[in-house]
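One structure is given below, encoded as C-alpha cells.
Read the figures in this text as sums done on the coordinates, not as results from a lab. Just so it is clear, the model here is predicted, and its values are computed rather than measured. All Cβ positions, glycine included, derive from the backbone under ideal geometry; neighbour counts span all protein chains shown.
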Amino acid sequence: MGIINNNILKKIYRKIKEYDKIVIARHIGPDPDAIASEIALRDAIRRTFPNKNCVAVGLGVAKFKYYGILDKIEVEDFEGALLIVLDVPNLHRVDGIENLKYKEILKIDHHPKEDIIGDVDWTDESACSTCQMVAELILKTPLKLDTVIAGNLYLGIVSDSDRFLLAYTTNKTFKIVHELILKSNINFTGLYNYLYDRSLNEVRFQGYLASNMEVTENGLGYLIIPAEKIKEFGVDLATPSNLINNFNFIREVIAWTFISEDAKNSGYKVSIRSHGPIVNSVAAKYNGGGHKYASGARLHSEEEIKNFIKDLDEACLEYKRASISNLE
C-alpha cells in the first residue's frame, strides 16, 4: 500500500505541475471536509507555484467562512484547465463547474467509486476524510504547508472522523495528524472552537430534533423537518446536517436520518448516519450517495419521503436479522 500511495502521489504532483490553470471543486452542500480540503489544496498549490492560476469554486457557506474565501470565476478563462474534484464520486454533485471546458480530471476522494473516474484517480475508502488524503499529498510531495493550511486540514479530519470516533479512523489517521502538528505547530486545541461553537438557537434546535425524532421497531430514527421549523428556530438548512453526529450514541437507534425541507429548491435535503446498516446503497436510489455508514440524498415529494423511510427501515431490519443469524 505504501508503494502504491507514493506512486499516485507522484502522479498527482506531476499533473499539478503540468498545468498553469487549475480549478478545484467539491460536492454541493459542502461539509467541513469538502470545504477545508478544497481551500487547503488551493492554498498549497498557490504557495508552491505562485505563477499558476489556481482557484477553488462552488457556493460558499457562511458557517464555514473561517476556512477561507472561495473564488468566483469566468469559466471561459479556464478553458483547457485541469479540474481537481475532491470528496465527491458523482459528476452531477460537483459544485461550480457548469459550462467549464476542462481538459483532464484529477480526483482525490474517500468515497466508493462511482461515475467520476479521473485521468489521475486516487480513491481510498480506508481514509477517514479527503482532508487526510490531501494532508498526505502535501506532506509527501514538494507542495508547501503553512499553519493555516494545516489548521484547515486538521479541522476537516476531525470533523469527518467525528473527533476520531468513527470506524474510518485508523492508525494512519493519527500518524498524519501527528505529522501535521509537528510540521506546522498548529494550536490544535484552539481550533476546536471553529467546529463546535454553537449559537443558542442551534442548541435549542437540537432539543427540538431530540424531542421529535421518531424511532421505528427496527431501530431507525427519523425526523422530517419543515422549512417553517428551520425559520422558527433561526437556523439554516445546513444545521441538521451539522448536528446529526450528536445523535451518535442513542441505544435504541442503529440508523438515523434528518429530512429537511428545502423550500428554495422545492425538495428535501437528507442526511443519514448508521451504526451498522449499509445506508449508501439506499441513498444512491434517491439522488445521493456517500459512505456505507454516512450518506446524503435529495428527495422531491412526500411519496419519495415515504419510500425512502421504508427502504431505510428495511435496511435496519435486514441488519438486525443478519446480526441475530451470526450469533446463532
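Below is a table of values for the structure above.
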read-out	value
Over 31 Å between alpha carbons, listed pairs K103/K140; K21/K183; K17/K183; K175/K264; K103/K172	K175/K264; K103/K172
Largest-first principal axis extents of the Cα set of segment 155-196 (Å)	26, 23, 12
Segment 158-238: radius of gyration and largest Cα-Cα distance (Dmax), Å	17.6, 50
Amide proton proximity set for I250, modelled H, under 5 Å, gap of 5+	none
Among [x] 78, 17, 12; [y] 33, 22, 20; [z] 30, 26, 18, the entry derived from the coordinates for semi-axes √(5λ) of the Cα gyration tensor in Å	[y]
I117, I84, I73 arranged by Cβ crowding within 10 Å, fewest neighbours leading	I117, I73, I84
Ranked D87, D124, criterion: other C-beta atoms within 10 Å, fewest first	D124, D87
Calculated diffusion of segment 2-195, Stokes-Einstein form, Kirkwood radius summed over Cα pairs, 25 °C and 0.890 mPa s, µm²/s	149
Segment 139-182 and segment 1-56: distance between their alpha carbon centers, rounded to Å	15
Within segment 107-227: Cβ-based charge dipole about Cα centre, in debye rounded to nearest 20 (Lys, Arg +1; Asp, Glu -1)	560
Per-bin percent of Cα-Cα distances, segment 200-327 [10 Å]	13, 46, 32, 7, 1
Given charges at Cβ of Lys, Arg, Asp, Glu: the chain dipole, positive-most of I230, H111, S129	S129
Per-residue Cβ neighbour rank within 10 angstrom, fewest leading, S37, S281	S281, S37
Segment 114-178, relative contact order [Cα under 8 Å, separation at least 6], %	41
From phi via Karplus (6.51, -1.76, 1.60), per-residue ³J(HN,Hα) for segment 219-225 in Hz, x at Gly/Pro	x, 8, x, 8, 8, 9, 10
